[in-house]
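What follows is a set of notes on a single structure, which appears directly below.
We did not get these values from a lab; they are worked out from the coordinates using the rules stated. All figures in this text were calculated on a predicted structure; none of them were measured in a lab. Cβ placement follows ideal geometry from the backbone for every residue including glycine, while neighbour counts extend to all protein chains displayed.
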Amino acid sequence: MNVVGLTPIIPIVFAFALPLFSILVKGNRKIIQLYALIGTGLALISSYRLFHLVYSSNTPLIYTFGKWIAPIGIVYEVDKLNALIALLTAGLMFLIAIYSYRYLEHDEGLEWYYTLYLSLEAGLLGVLLTGDAFNLFVMIEVTSIAAYALVMFYRDRGDSVFAGLKYALIGAAGTTMYFLALGVFYGVFGTVNFADLSAKVHGLNFPVSGTPAGNIVIASGVALALATWAFLIKAAIVPNHFWLPEAHPAAPSPISAILSGLVVNVGVYALIRFLYTVYGGSLAPDLAHVVSLLSVIVIALGALSALFSALMMNVQKDVKKLIAYSTIMHMGYLFMAVGLGTEVGLQAALFHLVNHSIAKALLFLAAGIFIHAIGSRNIEELAGVGRRMPIATFSLAIATLSLVGIPPLNVFFSKLLLFNAFIDKNLILAWILVISSIIALIAYMRIFYVIWFGKPREDIKTKEPLSMSLICLLLALTCLAIGLMAPVIVDKLIAPAVVQTLDYNSYINVVLNLASKVLH
């Protein structure tokens, strides 16, 4: 098995084996933690190896499960876009696994937490690496089920169970819509392989699956509408956002960091794959009109999400709900950028996705240290605790300043790219970015002011948990380093990924050449 197929397999194998392994080691917490670190560490190594191979190649890499080539079997196809996001995902999952051990020091069921944690990583990596729309559905389900259960990890708390069930209900509605979209795609195009779908949309021949049957314009409109609505739910875009402010705060803080930093990326990535890989480039006029209309809707909903969430941030008393609304705001930016359909817009979206994931994970982890110490998510009850935890407070400051867009931190540069992309399309979009950022700044500064300058409760006697704070410090320094190296990162990593994403012919030809060799 090559590195493409191995990467998502590692965490799922570790996840399935962990319950039995925990019995063999009699629930020893330190051994279970080491086991989880080995699993996430190997996934990180494999993801880095995959990233290196893809960026050294001029064409995407492919892996055929069971040697069944597309469109007969499921293939994994990795280009620079998904290789970069997979490395980001594996890196954050490894660091958050280290953070989790101390955070959960007083909780039972560590083996089940890491079983679900590794399953969540396997699902995320599967979503990113698959080249098949049906397998994308399967991996979204794997990701979702693990996420629902982790939100309900504190199963003795009513808010946790309620939030998890609410998340599961709306999530199930989303995946059902996507499954219906797959039925439409398969019924008309005779395939659910991304490369094959793209070939048929662009009038190219592909072995075995034949030619489309029926009106591909109507089918595309219906299928894309259903799929996009599902992706709007997964990314928590208004009006499908209402599950997130309940689900993310109810989860353990390390899971909140993953949900807001990584899981919501599923909707953004899937939309990019459909709009740019399958329906990118020059299309027949009727098809182009369908995609254009969809893009306008995506941009409008993204803009609404940005403004609405920035306002909602300022009325929250729960620190994690405030941060959750911040996630909705940034997802709005990403959907606006993806909807532009331009190279600059996609560059801005990809760079901002990377920067937001790191900074938002950092913000949740830093806040989680204070919540762990005080036992409360209420902002007023966290007053003054930051003065006793300087590393965590420094990390919180870096995360908030970065997300607002203060130079030279990383998010400033992706927001600058977003601004340029928006102003090329419509001045109003650029103003929405600026206004929502200013409104959000007020909310962020309120958190920092209370935590640093507020009067602490006299009964609080706490020391800074170094194993958690050092993870935050590493991420804070990463935000600074990415900011300082932003031009190089955009030139060497972001721009090549975007160029390859826009080249749908390259994505098609890798699978087509393999299929032609085997079938002829």
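Summary of computed values
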quantity: Listed candidates [x] 25; [y] 49; [z] 32 - label of the one calculated as percent of Cα pairs over 37 Å apart; calculated: [x]
quantity: In the range 28-100, the chymotrypsin sites (Phe, Trp or Tyr not before Pro) that fall in loop regions by DSSP, at most 15 other Cβ within 10 Å; calculated: Trp68
quantity: Estimated Rh, the range 213-286: Kirkwood, alpha-carbon pairs, angstrom; calculated: 14.0
quantity: Burial ranking of peptide ranges 281-291, 303-313 (average Cβ count within 10 Å, highest at the top); calculated: 303-313, 281-291
quantity: Potential lengthening between Val208 and Thr176 on full extension [0.36 nm per residue; Cα-Cα distance subtracted]; calculated: 8.7 nm
quantity: Amide N of the range 130-157 lying under 13 Å from the label point, which is placed 7 angstrom from the Cα of Ser467 along Cα→Cβ; calculated: none
quantity: Tensor-based shape of the range 100-181 (alpha-carbon gyration tensor, a/c under 1.5 rounded, otherwise prolate or oblate); calculated: oblate
quantity: Residues of the range 333-351 with amide N under 19 Å of a point placed 7 Å along Cα→Cβ from Val499; calculated: 342-351
quantity: Net length gained if the chain between Asn420 and Leu20 were fully extended (0.36 nm per residue, minus Cα distance); calculated: 138.7 nm
quantity: √(5λ) per eigenvalue of the Cα gyration tensor, the range 284-484, largest first, Å; calculated: 35, 17, 13
quantity: Mean residue ellipticity (222 nm) of the chain, computed from DSSP H runs ≥ 4 via -39,500 (n - 2.57), nearest 500; calculated: -25000 deg cm²/dmol
quantity: Anisotropy class of the range 391-476 from Cα gyration tensor, a/c 1.5 cut; calculated: oblate
quantity: Distance between the range 367-429 and the range 84-155 - C-alpha centres, whole angstrom; calculated: 24
quantity: Length-normalised contact order for the chain - Cα pairs under 8 Å, 6+ apart - percent; calculated: 16
quantity: Extension reserve of the Asn58-Leu480 stretch, reckoned as 0.36 nm per residue once the Cα distance is removed; calculated: 148.9 nm
quantity: Centre separation in Å (Cα based) which lies between the range 1-62 and the range 240-281; calculated: 22
quantity: Sequence-separation-based contact order of the range 284-484, relative, with Cα cut under 8 Å and 6+ spacing, percent; calculated: 28
quantity: Sorted peptide list for 105-115, 133-143, 322-332, criterion being average Cβ within 10 angstrom, highest first; calculated: 322-332, 133-143, 105-115
